[in-house]
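**Student:** Sending over a structure as structure tokens; questions will come in a sec.
The values are calculated or read from the model by the stated rules, or taken from the named source; none is laboratory data. Computed from a prediction, not measured in an experiment: that's the story for all the values here. Note that each Cβ is placed from the backbone with ideal geometry, even for glycine, and that neighbours are counted across all protein chains shown.
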Amino acid sequence: MIRAPLTYRKLSWSKEQLARIRQIERDFHVRAFGEELARVNLEMTIEERHQYLADMRELAEKHGVPPTRSAFRIEEEDLDLDS
């Protein structure tokens, strides 16, 4: 499994120090977002995350949750160019 790097620079920390920093990061994520999202954010590869999100969307659709408009897709009708 490839995890997100703490930094892209060469680290001078020992393996024990790095493990402690990872534990602090995980504890923060659990407090801020909950156990499941901490697992998704820190323990899954990007491919596993994408599959997890696809599964969650499929489950929501199956249970009748209406789809929301993506904040990342801007449609022409959303833009008020006349103002």
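Residue-wise test of (1) assigned to a helix (DSSP H, G or I); (2) out of contact with any Pro (no Cβ under 9 Å at 6 or more places or on another chain); (3) modelled with pLDDT of 80 or more; (4) not aromatic (Phe, Trp, Tyr).
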{"position": "ALA4", "(1), (2), (3), (4)": "no, yes, no, yes"}
{"position": "ASP27", "(1), (2), (3), (4)": "yes, yes, yes, yes"}
{"position": "ALA38", "(1), (2), (3), (4)": "yes, yes, yes, yes"}
{"position": "ASN41", "(1), (2), (3), (4)": "yes, yes, yes, yes"}
{"position": "GLN51", "(1), (2), (3), (4)": "yes, yes, yes, yes"}
{"position": "PHE72", "(1), (2), (3), (4)": "no, yes, no, no"}
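**Student:** Right, here's the next one. Considering only residues of segment 58-70 that are charged (D, E, K, R) and modelled with pLDDT of 90 or more, which is surrounded by the fewest Cβ atoms within 10 Å (Cβ to Cβ)?
**Tutor:** LYS62
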